[in-house]
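The next block holds one structure in the form of structure tokens; read it before the comments.
Please treat every number below as a calculation from the coordinates, not as lab data. Small disclaimer: the values here were computed from a predicted structure and weren't measured. Here the Cβ is made from the backbone with ideal geometry for all residues, glycine too, and neighbour counts use every protein chain on show.
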Amino acid sequence: MIRALRQFAIVLGIALLPALVSGAIQLKWNAEVPPKKDEVTIAMVHNNWSDHVLWVDARTRAKYDHAHIPDAVLLNEDEWNSLVAKFLDAWDPDVPVVVYCDGGSCDASHAIAERMRSELKIEKVYVLKGGWGAWSGK
Amino acid sequence: MVGKIAVLLLRVAVSAVFLYAGVMKIWDFRHGQSATPDFTLAIQHFEILPNPDLAVLLAVYLPWLEVTAALTLFVKRLALGAATAVTVMSVVFLGAIGSAWARGLDIRCGCFGKDEVSLSYPSLMLRDALLLAAAVVVLVWEARRKRALTPSPEGESPS
């Protein structure tokens, strides 16, 4: 038993070394990665448009119901057909659309933004870098 | 002999699962970037940790623990500790998924980073229960092996 615990502690310790290095690298790296061409940050939304944008939540309905950015409209892949009309009601051609999903490298926001461009011919569509995680942690 | 081969196969299987799971949580090969942000969110969605910042620390550390345990399962001097680690992790995973299921959370497991098939809770529980069973077999085997290798206390050895 003692031997097992001692070895267990050693395994925990060995794992700590690469985790520390990886964590340090990622902290440095994340700070330097600029937004992609169609991405915006919360700071950009604030500085460029004074927060006057149409937020679109591309996550699931359950997550939207649980919490979302104030005044955000729900529009996700699963319910695109039933929700797109409501989105178009809220859409103003003069106001940029910013789509978000969970965060990290989630694909939903990019997929919805692409459908808006291709199917609805909306040009001013952006994706929130960091998604809901960036908003909820701001 | 058959038992030894069976345990070796189980050890390889458990190691492969943990190695794959760990690597996929470290690096998102599809997007060529770190998978830590996604795994952090996956952990946060379980709504178990009291502080969201703990999810970040866990998202950085846990994948490396999985990789380390998977590799050290084949290192004689550390195999018992590695078997303990995979068993403990399997119990924790099973508990986390069971807890999310009980609370009716609609979440992604995050078990294999982004490269995972969406599974129902019963399937996830079954998969983790099988993994736990395999880990326990390897742990018991290692414990017995260590006990067999330990010299008997003085006076108890046959003269």
Next on the checklist: Helix check for chain B. Which DSSP H runs span at least 24 Å along their own axis by Cα, with a mean Kyte-Doolittle hydropathy no less than 0.0?
Outcome noted: B:2-26, B:52-72, B:79-102, B:121-149
Checklist entry - Could you name the lysines in cross-link range of B:K4, using Cα to Cα under 28 Å and dropping any fewer than eight places away on the same chain? => result B:K76, B:K146
Checklist entry - Of chain B, which part is the longest with no chymotrypsin sites (Phe, Trp or Tyr not before Pro) in a loop (DSSP not H, G, I, E, B) and with at most 15 other C-beta atoms within 10 angstrom? => result B:75-159
Next on the checklist: Helix A:108-119 against the longest principal axis of chain A: what's the angle in degrees, Cα atoms only, rounded to the nearest 10?
Outcome noted: 20
Next on the checklist: I need the peptides A:7-16, A:67-76 ranked by packing, meaning the mean over residues of other C-beta atoms within 10 angstrom, with the highest value on top.
Outcome noted: A:7-16, A:67-76
Next on the checklist: What does the net charge come to around B:A134 if you take all other residues with beta carbon closer than 12 Å to its beta carbon, with K and R at +1 and D and E at -1?
Outcome noted: +1
Checklist entry - What's the lysine pair count for chain A at a Cα cut-off below 25 Å, pairs eight or more apart or interchain? => result 21
Checklist entry - To the nearest whole number, what is the average tally of beta carbon atoms from other chains within 10 Å of the beta carbons of peptide B:37-46? => result 4
Item to check | Partner chain coverage, peptide A:16-25 - average Cβ within 10 angstrom | outcome: 5
Checklist outcome for this item: Among GluC sites (Glu not before Pro) in the range B:38-123, those in a DSSP loop whose Cβ has at most 16 other Cβ atoms within 10 Å are B:E47, B:E116
Checklist entry - Can you give the average number of partner chain beta-carbon atoms within 10 Å of each beta-carbon in peptide B:65-72, as a whole number? => result 4
Checklist outcome for this item: Normalised per residue, the volume inside the convex hull of the alpha-carbon atoms of the protein assembly as shown in Å³ amounts to 154
Next on the checklist: Neighbour counts of other C-beta atoms within 10 Å: give me B:I107, A:I112, A:I2 arranged from fewest to most.
Outcome noted: A:I2, B:I107, A:I112
Checklist outcome for this item: FRET efficiency (A:K86, B:N51; Cβ distance; R0 41 Å; to 0.05) is 0.70
Checklist entry - What shape does chain A have by the C-alpha gyration tensor, where a ≥ b ≥ c are the square roots of the eigenvalues, rounded means a/c under 1.5, and otherwise prolate means a/b greater than b/c and oblate the rest? => result prolate
Checklist entry - For the Cα atoms of chain A, what angle does the longest principal axis make with the long axis of helix A:2-32, in degrees from 0 to 90, nearest 10? => result 40
Checklist entry - What is the fewest-to-most order of A:R59, B:R30 by other Cβ atoms lying within 10 Å of their Cβ? => result B:R30, A:R59
